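K.L.:
Handing you a structure now.
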Amino acid sequence: MIRLRMIVTFCDWITSTNLDELQLSVTPTNSIAYCISQSDTATGVILMDVKSMAINEILPSETLCSIFEYLPDDKLPWMHRDLVAATHVCSRWRQVALRAMKLWSTLDITSDCYTHIKPFLLRSGGVPLHIYFDWSFPSRSLRSGPLAAYLTPLTENWNRIRSLSLLFSTELGEDGFALCASLIGRASPNRTAPHLLEELVIDGDPTFIDGDGNVDVCIPEFLHHSFPRSLKVLGLYRAHAPSQVARISGLEELYLDSVLFEPPISVSELLEMLRSCPGLKILRLVTTPIAHHEQASKEPVPLRHLRHLCLKNDCRKDRFNVTYFLQNLDIRPQADCSLLFHCHSSPLPVQQVLPSNFTSTLETSWTSISFSTTDMRINLSSFRSVGARRVSKANITFHYPTSTIAQRPRPITFVGLFLDCMEWARSSGCTIYFSDGFQMPKSKAPWMRLFTRLPLLANMIIRMAIDIKVIEKEKAVYFLVRALTPTSSEDLENYCPRLRQVTFPNILGNELWGKLSSAVGICSEKRRSFGLQSLDILFSGVSGRDDIGWDQPRLAVWRVR
């Protein structure tokens, strides 16, 4: 029976003519014996068909090349060996791979992986090159010198480079520093960027510290010269750069992350740079010091094709720069935005950071507040809308150190002042996290000040660190329930009339069941008498029930109606 099943299964690989020859049938009594007697014939036909369908015979050359392109991995530079190994599988694979010059045009080079440079350059013919240098972990190669000899063919093909990525260590040593300097142009003052360069990424500065402790930073020489019009992507991370970079035009993607310009560029210069890049799609500006010089304002810079904006700056140092920068940008609602502000003052001046032409398109859906012993973070997950249609996302975070929070009597009150500054930040959902060591609210007043700023609140999650004592958790929950208990019909908007659910995901319900039942009952009666929304209070575990094991995750529900 097993042998018959094998024959019937493999017969799917055989043509209709072969099926007629085998005359397979399961109805006659003698058919099984006949099939077994013909098994050798069936096996032979199957093997012939399988052989004719071998992958190296049926796949077109274009498909094989597409498969080969996935063998090298940018994150693992030594994976070029897999591409070489593929050429040793069979003669057809070798012929197809060697004829596809594009396969050999991507070179990942590290201090330990560089012997493939010359063969790859020869096999790539004249197609554009994509070069990735990773010298973040210098080894003996940089000190002993063999890498320099292997880089000579690359300098001869300098103008074939379309994308160039340079990742440097902060301390290379004397030999490594000299090698980097010769490669990126310090030893060749006339070296400019590749003529048809489309993408340039520099991460880190090659530095050398001499015996006297002096630090020498090697800035790529080609950054001092004009760039080709073909450049579309520029990324500078933790690097030094001359101010001439601000004169680049025609970019589609710009990434400036912790860049030190020498001399510093001004906000006006940065705005003029963006004005010369009308097709810009991605802009990332992270903790990059920018000088501020007042001058006559011009028309806002139109960024009609912008799809993503990431801006992270220190409001203590660059508050006015950020304000001036944003006020002079015409950011279309279709652009996703990620903004982070490190604030070192009260929340009131933050109102001026985001201009009205930006906040007028915002609709906040969820507010997350995190309190710790060192800082406080307020994260606003929002949408940008055109009329009633949501077209993009905006994630805005404000970070306050402990010293700023200490200036206010209550952290929750601090959040209330923050929301007073930004009415657009009032959302329908809110998450609050209290870390271990943070002082919990000791009365209902802080909660009430917060709830008065959240009239649209419908869902609330309160997370408390596991190490917080049960008695402190009990007081916090008690005061929160009291703050949701209305006292008259005149101020119902201050008691979150739309609130439907409050969740305490890391508080066991059996710890607080008997202690809070009275407060919950009063809250239930008051909210029902004033016609407010029914309210569910959820805890982890199941309160007052011992028949269910604690290994089964559940939520205990107290319904306030």
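The values are calculated or read from the model by the stated rules, or taken from the named source; none is laboratory data. Since the structure is predicted, the reported quantities are computational estimates derived from the model, not experimental observations. Cβ sites come from the backbone with ideal geometry, for glycine too, and all protein chains shown count toward neighbours. Ligands, DNA and RNA are excluded from the accessible area calculation, which covers all protein heavy atoms including side chains. Shrake-Rupley method; radii C 1.70, N 1.55, O 1.52, S 1.80 Å.
K.L.:
On full extension of the chain, what length is gained from Glu252 through Arg99, given 0.36 nm per residue of separation minus the C-alpha to C-alpha distance?
P.N.:
Residue separation times 0.36 nm, minus the Cα-Cα distance, leaves 51.8 nm.
K.L.:
Give the residues of segment 226-267 whose amide nitrogen is closer than 20 Å to a point set 7 Å from the Cα of His305 in the direction of its Cβ.
P.N.:
Of the residues in segment 226-267, 227-236, 246-256 have backbone N under 20 Å from the label point off His305.
K.L.:
In a shell of Cβ-Cβ distance under 12 Å around Arg238, excluding Arg238 itself, what net charge do Lys and Arg (+1) and Asp and Glu (-1) give?
P.N.:
Here the charged neighbours net out to -3.
K.L.:
Taking amide H atoms as placed 1.01 Å from N in the peptide plane, list the residues 5 or more away in sequence, or in a different chain, whose amide H sits under 5 Å from that of Asn328.
P.N.:
none
K.L.:
Need one value: the accessible area of His308 in square angstrom, 1.4 angstrom probe, rounded to the nearest 10.
P.N.:
About 70 Å², rounded to the nearest 10.
K.L.:
What figure in square angstrom, to the nearest 10, would you give for the accessible area of Lys442 with a 1.4 Å probe?
P.N.:
Surface open to solvent at Lys442 totals about 140 Å².
K.L.:
A further question follows. Put a dot 7 Å past each Cα toward the Cβ at Arg81 and Ser443; how far apart are the dots in nm?
P.N.:
A separation of 7.0 nm, rounded to one decimal place.
K.L.:
Of the listed pairs Lys281/Lys393; Lys473/Lys526; Lys232/Lys298; Lys444/Lys526; Lys232/Lys312; Lys298/Lys393, which have alpha-carbon separations greater than 21 Å here?
P.N.:
Numbers: Lys281/Lys393 15 Å; Lys473/Lys526 24 Å; Lys232/Lys298 25 Å; Lys444/Lys526 16 Å; Lys232/Lys312 23 Å; Lys298/Lys393 28 Å.
Result: Lys473/Lys526; Lys232/Lys298; Lys232/Lys312; Lys298/Lys393 exceed 21 Å.
K.L.:
Oh, and also: Once label points are set 7 Å from the Cα along Cα→Cβ at both Val386 and Cys65, what is their separation, rounded to one decimal in nm?
P.N.:
3.9 nm
K.L.:
Can you run phi through the Karplus equation (6.51, -1.76, 1.60; θ = phi - 60°) for segment 225-235 and list ³J(HN,Hα) in whole Hz, with x for Gly and Pro?
P.N.:
9, 5, 9, x, 5, 6, 5, 10, 10, 10, x
K.L.:
Please compute the contact order of segment 358-401 in relative form: average sequence separation of alpha-carbon pairs under 8 Å and at least six residues apart, divided by the residue count, as a percent. Don't jump to the answer; show the numbers that get you there.
P.N.:
Numbers: 81 pairs, mean separation 15.7, N = 44.
Over segment 358-401, the number comes to 36 percent.
K.L.:
Separate question: For a quick check: with amide H placed at 1.01 Å from N, whose amide H comes under 5 Å from Val391's, ignoring anything fewer than 5 positions away on the same chain?
P.N.:
Under 5 Å from the amide H of Val391 lie the amide H atoms of Arg384, Ser385, Val386, each far enough along the sequence or on another chain.
K.L.:
Taking the full set of protein chains and a 1.4 angstrom probe, give the accessible area of Phe227 in square angstrom, rounded to the nearest 10.
P.N.:
Around 40 Å² of this residue is reachable by solvent.
K.L.:
Could you give the nm distance between label points at Lys469 and Thr155, where each point is 7 Å from its Cα heading toward the beta carbon?
P.N.:
7.1 nm
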